[in-house]
Each structure stands twice: as C-alpha cells, then as structure tokens.
Amino acid sequence: MVFSSLVFLFAFLPAVLLVYYIVPRGLKNVLLLLASLFFYAWGEPKYVFLMIFSIFINYIFGLLIQALREKHSSKKIVLVLSILVNLAILGFYKYSGFLIENINALFNLSISFEPLPLPIGISFFTFQAMSYVIDVYRNDAKVQKNVWDLALYIALFPQLVAGPIVRYNTIADQIKARIHNLELFAAGIRQFIIGLSKKVLIANPLGEIADTIFATNPGELSVTTAWIGILAYTLQIYFDFSGYSDMAIGLGKMFGFEFLINFNYPYIARSIGEFWRRWHISLSSWFRDYVYIPLGGNRKGPWKTYRNLLIVWTITGFWHGASWTFMAWGFYYGIIICVERLGFNKVLEKTWRPFQHLYVIFVVMVGWVFFRADNFSYSFDYLQSMFGIGAAGLIDKTALLYLHDQAYLIVLGILFSLPLLPWIQKRLDQLGERRQILATMRFSISSFVYLGLLLMVTMFLVNSTYNPFIYFRF
C-alpha cells in the first residue's frame, strides 16, 4: 500500500484516523502499531515477519548495551555485532544478487541464484533501527524498555516505506506523550495534500515523459529530446521524493508527531555542498553522523577528510541500489564536493549568482543520468546525445511534440521547485494581519484550493494507471 493509492486515501487512512481519535489515550500507540503492521503486510505479508525480527533483535541489542554500560569493551562488541547483523539482513535481501553476479563475472563462474524480492522500505527501517542502537551506545538516547514503543518507532507507517529517516531521540518523548489539537491536525492535512499533489499531479506525468525517453536508444534521440528527458526526470525525482516526505510529515502531524523537514528546495542551491544540505536531509545527516564523523570527519587533516568524503559518498550511492551506476553516482558527488572544499567554492562565490545556480543544476542533471540509467553503457551514450555526439540532430519531431503538448508540465515543475508557495503564504499572512476580512477570505480561499487539489488528485488516480513507486528499489 502506498500513500498515493485510492485504497489508502479513502479506506485505510480514514478508518485509522477515526478509530485513533475514538480509542482512549492508552490504546492509541497500540492502534498505530497494529495499523502500521497491517499497512506493511498489505503489499508483502511474509516480510512483515522480517521487520518484526529486526525490531526484536535491536530491542535486545539496546538492552544489552544498557546492561553493559560500565563495561566499555563488552558494550562495543555488542554494538559491532548489532551493526553487522543489521547490515547482514540488508545485504542479503538487497545486495546478494549483485554480489553473486559480480563474482560470476570476475571468476567466470556460473553460481545460480534466484533473485529475491526486495522488502519495501528495508533500507529505511534498517537505518532507523541501527541509529537507535548507536544512539543508546553513545548515550544520546535512553534505552527503550517497552518493546511495543520501540516497535512503533521502527514500524510507524507514515515514514516506514519512504522515509524520512527519523532519529529515535527526536520522537522518543512523542511516543510516550504527544499533543493532539485541531491546529496541528489541519496543518497535517494541508501538508499531506501538498505532498500528494506533488506526487500525482507533477511527478507522475513528468515520469511518463522520462520513462518514454529513457526507454529509447540514445542514438535515436535528438539533443533537445535528450535534455527534455533528463529535465523531466530531474523534476520527477524531486517532486516524487519530496512529495512522499511531505505526505509522511503531514500524516505524522495528524497523529501528533512532529518529524523534521526532509527537503528544503534543493534546486535553489548555489553549490553542491549546499544542495546536499537541502536534499533528503535525513539521509545526508545519517551518513554524516554515523559514518563520516566516526571515520574521523575533517578532524585528521585534509587528505583524510577527502578520503572520508569519497568513502561516505560511494556508500551513499550504494545505499540507493545494488548497481555500479549508483556507486559511480555517489563517487561522482564525492569528487565534486572534494573539489569544492579544495577552493572551488571560493571561486564560485565570486561569480554571478545565476551562474552558481546553473552550475548546480547542470552538475545535478548529469548525475541523474547515472542514477536513472540501468548501466554505464546507456549512461555514457545518453550523455553523448545530450551534448550532440551521435545524436539524431539538434531537434526532431518528438522534441517538438513534447514542447507543444507537455511544456506546461515542465514550467510548473520548475516554478514549484522554487520556494513559491512559502512566498505566497508569507504575503497572504501579512495581508491578513492588516485586515481581518482578508484573513477570513484567505482561510476560505485556502480551504477551497486544498479541496480542489484533493479532487484533482482523485480524478487523476481514477483515470490513470501510471502511479509508480520509485522508492521500491530503495
């Protein structure tokens, strides 16, 4: 089950909300846990037991670390064991096929292996479980002695299959006691509808364009068509990822949880370093706190800093999928961030500000080619077509057709990838402060807009069969 499905929107969510606000406070967590397990089991019932196993072993690891608090060496052994067990689970389901495939190619073997279906969201709930144990080890979080509360933290359905990666210490108190009020609930509904609209009204149509173009032989693409394809994907992946994060944060508010922001208009960044401080913030900060800093961060001299950056970014790429292209995508960003740290950032800051934005967009779009393509051969061929090498001309009928029929989608995508909505909201708030009648009108207009968006989304979902869940591969 995914957030952008009719079953979720008009059956699961209303039913859970209704029962949640009827049952006594002491049963709310129980209800949320049961609903979360049902939500996960809806798509793949057998893998719900895998998640329950992950919850149980990390609960035990947390208790062991707490019990060995004064025995540093023993405590560290438990921590290492917990990390190895979690990574073994993740590696078996996500990377075993990739490993065997490369062993076969390297040693000319023919080891047979039946590909395993990837449990949805395994990377997200595994990282959350690991962060809990590590934080208990570091004394950054109190051990959770109630297994059901820990289960709720790991399995909570708003952020279960698509993030954001929520740190235990940010919501530990909220699991025990949280605020429920109409203002927070209404804010959650608004944010959920915005995220849902991003996904269904913008990401999905742009995804159809990207899928069609990337399914074409690069040699048959004109330069313009190739750029339309990668621009469509650049916008699709932002609105899909940030849309799901908005929906998760909005759902959290409906149930009294406050999750941290996960996307902060990354395409307005003026450097790649800034881009990654704005894009998938929970993932970037996870790798910073649990991989980069333990490796030494920037505390052991410049060369080890660059080494650490390259290691972390290569692992970040590999986290996204079992493919050399994902690793290359991560390594690509590691190199660019190292170059910026070496002094290019200072040069960049002295250039014309629009050039800084164009630099980021160009670097990101080139990187998305490796992220979107299935192999290096296609990636390099596609890049060549983008720059006129082996392309089918500068422009063709396909490009003209897209520009005529779909240009409005790209324009909308560009506009709403900018902080346009906060700017409008700020201006309306300023007007409402001056005149009460304008504040009343703003509320009425806002309600009408959100209702209209929900109706449009429903119409799109009813009439379209294209509703991809691109988080599935993560």
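The values are calculated or read from the model by the stated rules, or taken from the named source; none is laboratory data. What you see is a predicted model, and the numbers here were worked out from it, not measured in a lab. All Cβ positions, even for glycine, are placed from backbone atoms using ideal geometry, and neighbour counts span all protein chains on display.
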* Asked: Based on what the data block shows, is His404 at pLDDT 95 or above and either touching a His at 6+ places or on another chain (Cβ under 8 Å) or in a helix (DSSP H, G or I) (or both)?
  -> no
* Considering Trp286, Trp303, which residue is hydrophobic (A, V, I, L, M, F, W, C) and touching a residue at least 12 places away in the same chain (Cβ under 8 Å)? -> Trp286
* Give the residue that is nearest to Val223 (Cα to Cα), with candidates limited to residues of segment 378-388 that are aromatic (Phe, Trp, Tyr) and not in a loop (DSSP other than H, G, I, E, B). => Tyr382
* Asked: Listed residues Ala399, Ala391; which is crowded, with 20+ Cβ neighbours inside 10 Å, part of a loop (DSSP other than H, G, I, E, B), assigned by TED's automatic domain parsing to the domain that holds Pro218 and touching a residue at least 60 places away in the same chain (Cβ under 8 Å)?
  -> Ala391
* Asked: Restricting segment 45-90 to residues that are over 20 Å from Pro119 (Cβ atoms) and among the hydroxyl-bearing types (Ser, Thr, Tyr), which is modelled with the highest pLDDT?
  -> Ser74
* Structure fact -> Of the residues in segment 119-133, those that are within 15 Å of Phe287 (Cα to Cα), within 13 Å of the chain's Cα centre (by Cα) and of a type outside the set (A, V, I, L, M, F, W, C) come to Ser123
* Asked: Any idea which of (1) buried (at least 24 other Cβ atoms within 10 Å of the Cβ); (2) more than 23 Å from Gln356 (Cα to Cα) is the one Ile261 doesn't satisfy?
  -> (1)
